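The values are calculated or read from the model by the stated rules, or taken from the named source; none is laboratory data. From a predicted model like this one, the values you see are computed outputs, not experimental measurements. Ideal geometry is used to build each Cβ from the backbone, glycine not excepted, and the neighbour counts take in all protein chains shown. All accessible areas refer to the heavy atoms of the entire protein, side chains included, with ligands and DNA or RNA removed. Shrake-Rupley method; radii C 1.70, N 1.55, O 1.52, S 1.80 Å.
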Amino acid sequence: MMKPEASVYSNFTKCFRNTCYSSKPVSHKSSISDRDSDDAVTTPLDRSETAASVRRKPGGWKAMPYILGNDTLERLATFGLLANFMVYLTREVHLDQVSASNVIYIWYGVTNFAPLLGAFVSDAYVGRFGTIAFGSFSLLLGMATLTMTTWLPELHPPPCSGNQQKLGQCLPPTKAQLGFLILGLGFVSVGTGGIRPCSIPFGIDQFDPNTDDGKKGIKSFFNWYYATFTVVLLITSTLVVYIQDKVSWSLGFGIPTVLMCGSIVLLFVGVRIYVHAKPQGSMFTSIAQVLVAAYKKRQLKLPDDKAIDGSKLYDPPVKDLLIQKLPPTNQIRFLNKAAIILENDIKPDGCPVNKWRLCSVQQVEDLKCVIKTMPIWASAIVSFTAMTQQATFTVSQALKLNRHLGQKFEIPAGSLIVISLLTIGIFLPVYDRLLVPALRKVTKDEGGITVLQRIGIGCIFSVLAMLVAGFIEKERRDMANLHPHEPVSFMWLAPQLILMGLCEAFSVIGLLEFFNREFPDHIRSVGNALLSCSFAGSSYLSSVLVTVVHRVTGTHSKPDWLTNDINAGRLDLFYFLLAGIGFLNFFYFLFCAQRYKYKGTVQKEDDNNPCVTVELGSTTTT
């Protein structure tokens, strides 16, 4: 076995003044201290953001109407579809409750996993604009296909009265009709996978992060992005759902389809204004290189002491000043072998001879950050299972309630989710302005509580939401069986929806902050995609639980818990089951959180290595 040579260490770990690792010049003067002065500069940037792409004059706010318009209309289409889709599948497509919920869970899961693939294609091959454009056309095709299922009689079962539905006398969809519906959902998932992972980074591309105006623009872009997100949720949960439920399903699906056409026009109108960052390769390749290099060097021995000897590891400065430098750590030490320098591992210019045999400390630590977050990510899947019920069985409950406001107006069942949205909208300002300052005085933590504590509180609220939902459903069911012609008010669902809103306010936003804080700067887009994957996992978990409960709990003498008529079933026991699983998940989360170590950073790379050369325009800092 070849041994590392001391000369190799001294030449390449003390001083990296070479063409391979000096930063590319940029057109705007800056300094390393800019990197630490404003977190907004680093949050949106990922691997494909290089100094070369900053040289072009950015489009700035001139490009925002087109980018935000495209993204807003995409969410209007997909969220407008999901909000009332349970009602559409049961009333119009004549699926039973279990089959309809499984269709939603599986489709929602695929839709939330798709952004991970879209991010890979964008970073490695196509670029952001190309991925958004392809996704927009796919989404338009999917929405048009779903609109056709409501419009053409040949694509959906014949109409059926409410009494026939209760008696199970409605004709089910044919295989061709169901296949056409699933085809439309598939196109929507592909479109969403192309747009969602690229919309924020593409918007950030339009601003120069090295100028004050660019930094302000980035902050404002995030504010506008989340503002439009909230508006879309409110519109889809009220106006779009009302049109679908009370006016026409064809019109309710057709309006988002027409708006999607407009979004594509907007996207291409601004094509000459955009800054187009070229694809620079995906982080998944870097992850694979670390794993392969560590496996090839598995026979090497790391230092006996627990301290990392940085002089024996390949630790060049990062190419991009906007990327945080991570120090070598002892966590998951096996991966450190990928950075051990052997003889003939490095070229004279300082670059690795074989990237699949020698990786930098930065690459190794990037992978460690991803691996460390996986247990926390897994706990979120169970926690989010409570929220996924809002689109399925909560809607089934709402259909059995008195939803009238006055004598004429009836609230659509899918619109009750507005209670959760209002809870989030009211609670977050109170939390940010009142609770956080008060908690900060006690805990001395900048955020009042730590990110992991916030996620843990969200886990508690998910358990409480399911417990309260179970007790409410039990009382509702008893009242409905005693007084079948006197349904109780829709406000009976308010407590569980409020608790679900609090769960989302703590868990979702906490996880979003956790991924953005713990993932390295240049792979934060993948961290954001993992949040979508959490929802995807919760959808699949819900589908498995629903299928198992449906098959196991029914007997010849009594229906299963999730039978079509929830007054005859035991939906309350299903909620209690979810609460029990969530309770166990909370202790799993505590176990993982207590052992989690936050990532470290190297504040200023040139302080530790006086030989690092960084080129900034015409100025060279040594």
If a residue must be part of a helix (DSSP H, G or I) and over 30 Å from SER542 (Cβ atoms), how many such residues does segment 330-385 contain? 15
Name the residue, out of ASP213, ASP245, that is buried (at least 20 other Cβ atoms within 10 Å of the Cβ), in a helix (DSSP H, G or I) and at pLDDT 75 or above. ASP245
Helices (runs of 4 or more DSSP H) enclosed by segment 407-487 - at least 3 residues per element that are aliphatic (A, V, I, L, M) and in contact (Cβ under 8 Å) with a residue 24 or more places away in the chain: 418-430, 451-482
Can you tell me which of LYS355, LYS347, LYS296 is at pLDDT 85 or above, surrounded by fewer than 14 Cβ atoms within 10 Å (Cβ to Cβ) and over 27 Å from ARG595 (Cα atoms)? LYS347
Selection count, segment 112-126, where residues are surrounded by fewer than 20 Cβ atoms within 10 Å (Cβ to Cβ) and within 12 Å of VAL188 (Cα to Cα): 0
Right, ALA480: open to solvent by less than 60 Å² (accessible area, probe 1.4 Å), closer than 27 Å to ALA380 by Cβ and at pLDDT 85 or above or not? no
Has segment 45-56 got at least one residue that is at pLDDT below 75, part of a helix (DSSP H, G or I) and charged (D, E, K, R)? no
Being in contact (Cβ under 8 Å) with a residue 24 or more places away in the chain and either under 17 Å from ILE200 (Cβ atoms) or surrounded by 19 or more Cβ atoms within 10 Å (Cβ to Cβ) (or both) is the filter here, so list the residues in segment 127-140 that pass it. GLY127, ARG128, PHE129, THR131, ILE132, ALA133, PHE134, GLY135, SER136, SER138, LEU139, LEU140
Here's a check for you: in segment 524-574, which residue that is part of a loop (DSSP other than H, G, I, E, B) and among the hydrophobic types (A, V, I, L, M, F, W, C) is most open to solvent (accessible area, probe 1.4 Å)? TRP561
Unmet criterion (only one of (1) within 21 Å of LEU590 (Cα to Cα); (2) at pLDDT 90 or above) for LYS474: (1)
Filtered residues of segment 588-610 (kept if at pLDDT 55 or above, open to solvent by 30 Å² or more (accessible area, probe 1.4 Å) and in a helix (DSSP H, G or I)): TYR588, LEU590, PHE591, GLN594
